[in-house]
1. First select every other residue whose beta carbon is under 12 angstrom from the beta carbon of residue 68; then total the charges, Lys and Arg +1, Asp and Glu -1.
2. Would you please give the residues with an amide H less than 5 Å from that of residue 207, counting only those at least 5 places away or on a separate chain, with H modeled from the backbone geometry?
3. Explain nothing, just compute: Karplus ³J(HN,Hα) = 6.51 cos²θ - 1.76 cosθ + 1.60, θ = phi - 60°, for every residue of the stretch 93-107 in order, whole Hz, x for Gly and Pro.
4. Out of residues 5 or more away from residue 121 or on other chains, whose amide H comes under 5 Å of its own, with H placed 1.01 Å from N in the peptide plane?
5. Could you give the length gained on full extension between residue 76 and residue 116, defined as 0.36 nm per residue of separation minus the Cα-Cα distance, in nm?
6. Give a residue-ordered list of calculated ³J(HN,Hα) values for the stretch 155-160 (Karplus: 6.51 cos²θ - 1.76 cosθ + 1.60, θ = phi - 60°; whole Hz; x for Gly, Pro).
7. Kindly report, to the nearest 10 Å², the accessible surface of residue 148 as traced by a 1.4 Å probe over protein heavy atoms only.
8. Under a Cβ-Cβ cut-off of 9 Å, what is the net charge of the residues other than residue 85 that fall near it, where Lys and Arg count +1 and Asp and Glu count -1?
Amino acid sequence: MKLQRFLLVAVVLASLGANAYFVLQRMTAAPGPAGFTHSALDHIEVMRTKGGLLQVSTLRSPELFQTTQDHTIFGVHVGKTTSQIRVPATFHYHVELAPEWKITVRNNTFIVIAPRVKATLPVAIDTAKLEKLTSGTWSLLTGQSELDQLQKSITQSLDQKAATPLFIQLQREAARKTVTEFVTRWVVEQRGSPPATGYTVRVFFADEPIEALGSAPLPLGGTLLNK
């Protein structure tokens with residue numbers, strides 16, 4: 001038993017020594033070769049969005065990402081490393097203009113069934129305000145690599161979060177207001193038939209449950225904004 005404890009202490013001390021050595025190596029290492037070079041214009045791709053998009057809402061949120069790595073030696077727990085990244089994220093949402101929009105005029109009301117709202121991906125982050133933190137006995141040795149792995153997962157994590165029912169619902173009323181303004185200006189006022197005076201606009205989205213229509217008449221035999 002004493003021998004096992006002695007070996008464990010020796011391994012821990014050796015690891016701590018190696019930890020300090022690698023830190024000094026990072027601090028004194030000579031600069032590496034020059035990075036990639038290219039002309040930016042050689043790699044720009046321009047792609048058209050069929051029909052265009054209407055941005056309808058924006059959510060801003062401080063996002064925190066965390067991972068914890070447990071460390072063992074000979075099956076004995078010897079500590080852990082906790083890595084955290086905090087960064088402001090901006091979630092944009094849009095509706096597509098190309099799909100069919102169902103519009104019905106009933107009782108001086110424009111009833112609009114717009115395409116469902118989608119998240120604009122990838123989610124934008126403010127890298128200038130990105131903060132990193134790593135802590136634990138082994139953080140100097142393993143912290144940087146764990147932070148790198150954690151940072152690589154941010155884009156996928158935020159894209160998944162943007163599409164969750166919670167976030168879609170959080171932005172829905174702001175999106176509804178934007179689409180209402182759009183329809184009022186470009187359909188009601190610009191088309192001018194029937195006259196816009198005295199008319200109201202009610203907007204619903206294709207992914208809302210039918211109960212959301214409430215007392216509004218269903219858009220049977222309505223007109224189409226786009227096809």
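1. Taking every Cβ under 12 Å from that of residue 68, the sum is -1.
2. Residues meeting the amide H criterion: 116, 117.
3. Each residue's phi maps through the Karplus curve to give 10, 8, 10, 7, 8, 6, x, 6, 10, 8, 10, 10, 10, 9, 6 Hz.
4. Here the answer is none, since no amide H 5 or more places off falls under 5 Å of that of residue 121.
5. 9.1 nm is the gain from fully extending residue 76 to residue 116.
6. Computed from phi, the couplings for the stretch 155-160 are 4, 5, 5, 5, 4, 5 Hz.
7. 60 Å²
8. Once all neighbours under 9 Å are counted, the net charge is 0.
The values are calculated or read from the model by the stated rules, or taken from the named source; none is laboratory data. Computed from a prediction, not measured in an experiment: that's the story for all the values here. Quick reminder, even Gly has a Cβ in these numbers, built from the backbone with ideal geometry, and neighbours come from all protein chains shown. Areas reflect the complete protein model, heavy atoms only, side chains present, ligands, DNA and RNA absent. Shrake-Rupley method; radii C 1.70, N 1.55, O 1.52, S 1.80 Å.
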